[in-house]
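Participant: Input: one structure, supplied below.
Bear in mind these aren't lab numbers, they're just calculated from the coordinates by the rules spelled out. Every value quoted in this text rests on a predicted model; they were computed, and no experiment measured them. Methodologically, a virtual Cβ is constructed for each residue, glycine included, from the backbone with ideal geometry; neighbour enumeration extends over all protein chains shown.
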Amino acid sequence: MPYKIFHFKSLASTQDKAREFSEKGLSNIVVIADVQTKGRGRFKRKWFSNSGGLYLSILLKPKNIQNLQYLTFAASIAVVKSIKKIANLSTSIKWPNDVHYKGKKLCGILTEGIFGKGNYAIVGVGLNVNQNKFPSEIKNIAASLKIIKKQNFNINNIAKSILDEFCTLYNYYNKNQFEIILKIWKKYCDTINKNVTAITKTKKLNGKAVGIDKNCNLLLKTKSNKIIKIIEGDINIRY
Ligand code: BTN
């Protein structure tokens with residue numbers, strides 16, 4: 001997939017800028033910002049976006065917009081592979097979308113769909129690269145490549161690597177070869193077989209993560225051996 005990169009010093013959110021491009025009918029566009037003043041995460045949470053991080057959004061016009069969760073999976077695979085290649089660091093994926101190192105979050109992914117005249121997907125990636133420290137609210141749960149490896153990394157090189165890896169996986173997506181994406185994702189995911197607490201909008205559930213179904217939902221086995229499907233939410237791994 002050929003793509004065009006638009007690089008900004010500062011934006012409210014790269015997701016919003018990507019949406020503006022979609023309104024002009026454009027796609028295969030990557031928006032990067034050095035800082036975001038209104039970076040956002042899942043469930044409308046704030047995404048801390050000071051300088052030193054990578055903030056990018058990929059605007060796509062996929063044929064299939066029913067399986068967007070696989071784009072999130074594809075992006076997290078691309079991030080794990082790029083971190084391995086560039087920082088020689090092995091990281092893991094926590095369902096559904098976090099890349100972490102020893103339980104500390106390095107990267108979050110937010111995929112948004114635009115359903116209208118044209119259907120679009122915007123895949124947003126926030127990766128902590130060269131930050132030295134984080135605000136107190138997240139300092140115990142966040143990490144950056146710099147904090148872990150004690151060196152700076154070239155943010156553009158990381159972005160390029162993530163985009164290249166993502167494009168390879170996006171080809172599978174466009175051919176509806178979701179099982180290939182899922183298979184690679186499972187290799188890097190460390191949630192399966194762990195005892196977890198799933199926190200959804202309406203409830204909190206304890207169980208063992210026993211699998212992922214073909215819609216990327218997490219399957220949780222409870223104490224009473226019931227299998228419960230978690231469609232959306234956060235999980236805490238109970239080590
Ligand atoms: C999450 O873990 O909740 C997802 C975080 C996604 C953050 C990225 S940074 C680039 C893009 N622009 C945003 O405002 N959010 C995403």
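Participant: Return the equivalent ellipsoid semi-axes of the stretch 178-239 as a descending list in whole Å, where each equals the square root of 5 times an eigenvalue of the C-alpha gyration tensor.
Facilitator: Three semi-axes, in Å: 19, 12, 11.
Participant: To continue, here is another question. Given C-alpha coordinates of the stretch 1-96, what is the ratio Rg to Rh with the Kirkwood estimate of Rh?
Facilitator: Details: Rg = 14.1 Å, Rh = 14.7 Å.
Here Rg/Rh amounts to 0.96.
Participant: So, one more: Please compute the Cα-Cα pair-distance distribution of the chain with 10 Å bins starting at 0, giving whole percents from short to long.
Facilitator: Cα pair-distance distribution for the chain, in percent: 8, 33, 37, 19, 3, 0.
Participant: With +1 on each Lys and Arg Cβ and -1 on each Asp and Glu Cβ, how big is the dipole of the chain about its Cα centre, in debye rounded to the nearest 20?
Facilitator: On the way: 42 positive and 14 negative charges, 151 e Å.
Roughly 720 debye, rounded to the nearest 20.
Participant: Take the residue pairs LYS81/LYS105; LYS102/LYS146; LYS38/LYS187; LYS24/LYS105 and return only those whose Cα atoms are more than 26 Å apart. List each step's numbers first, then the result.
Facilitator: Numbers: LYS81/LYS105 16 Å; LYS102/LYS146 15 Å; LYS38/LYS187 33 Å; LYS24/LYS105 34 Å.
Going by Cα-Cα distance, LYS38/LYS187; LYS24/LYS105 fall outside the 26 Å limit.
Participant: Let me ask another. Put a dot 7 Å past each Cα toward the Cβ at ASN154 and ASN28; how far apart are the dots in nm?
Facilitator: Result for the modelled spin labels: 2.5 nm.
Participant: Would you kindly state the longest site-free stretch of the chain, with sites defined as GluC sites (Glu not before Pro) in a DSSP loop (not H, G, I, E, B) surrounded by at most 14 other Cβ atoms within 10 Å? Don't skip to the end; give the middle numbers.
Facilitator: Details: sites that count: GLU137, GLU232.
The longest such stretch corresponds to 1-136.
Participant: Dipole of the stretch 1-87 (Lys/Arg Cβ +1, Asp/Glu Cβ -1, origin at the Cα centre): which of ILE29, ILE83, PHE6 lies farthest to the positive side?
Facilitator: Highest projection toward the positive end goes to ILE83.
Participant: Still on this structure: Could you tell me how far the Cα centroid of the stretch 1-55 sits from the Cα centroid of the stretch 196-239, in Å?
Facilitator: Using only Cα atoms, the two centres lie 31 Å from each other.
Participant: Hey, got a sec? Which trypsin sites (Lys or Arg not before Pro) in the stretch 150-200 land in a DSSP loop and have at most 10 other Cβ atoms within 10 Å? Mind dumping the intermediate values first?
Facilitator: On the way: sites: LYS150, LYS160, LYS175, LYS183, LYS186, LYS187, LYS194; in loops: LYS150, LYS175, LYS194.
Taking the stretch 150-200 and a limit of 10 other Cβ atoms within 10 Å, the loop trypsin sites (Lys or Arg not before Pro) found are LYS150.
Participant: Please report the antiparallel percentage of the DSSP beta bridges confined to the chain, to the nearest 5. Working shown, then result.
Facilitator: Values: 46 of 56 bridges.
Counting only bridges with both partners in the chain, antiparallel ones make up about 80 percent.
Participant: Another one. Mind checking the stretch 13-54 for trypsin sites (Lys or Arg not before Pro) that DSSP puts in a loop (not H, G, I, E or B) and that have at most 12 other Cβ atoms within 10 Å?
Facilitator: Working: sites: LYS17, ARG19, LYS24, LYS38, ARG40, ARG42, LYS44, ARG45, LYS46; in loops: LYS24, LYS38, ARG45.
In loop regions of the stretch 13-54 (DSSP not H, G, I, E or B), the sparsely surrounded trypsin sites (Lys or Arg not before Pro) are LYS24, LYS38, ARG45.
Participant: Taking +1 at the Cβ of each Lys and Arg and -1 at the Cβ of each Asp and Glu, which of ILE158, PHE134, LEU182 sits farthest along the dipole of the stretch 130-182 towards its positive end, judged by Cα position relative to the Cα centre?
Facilitator: PHE134
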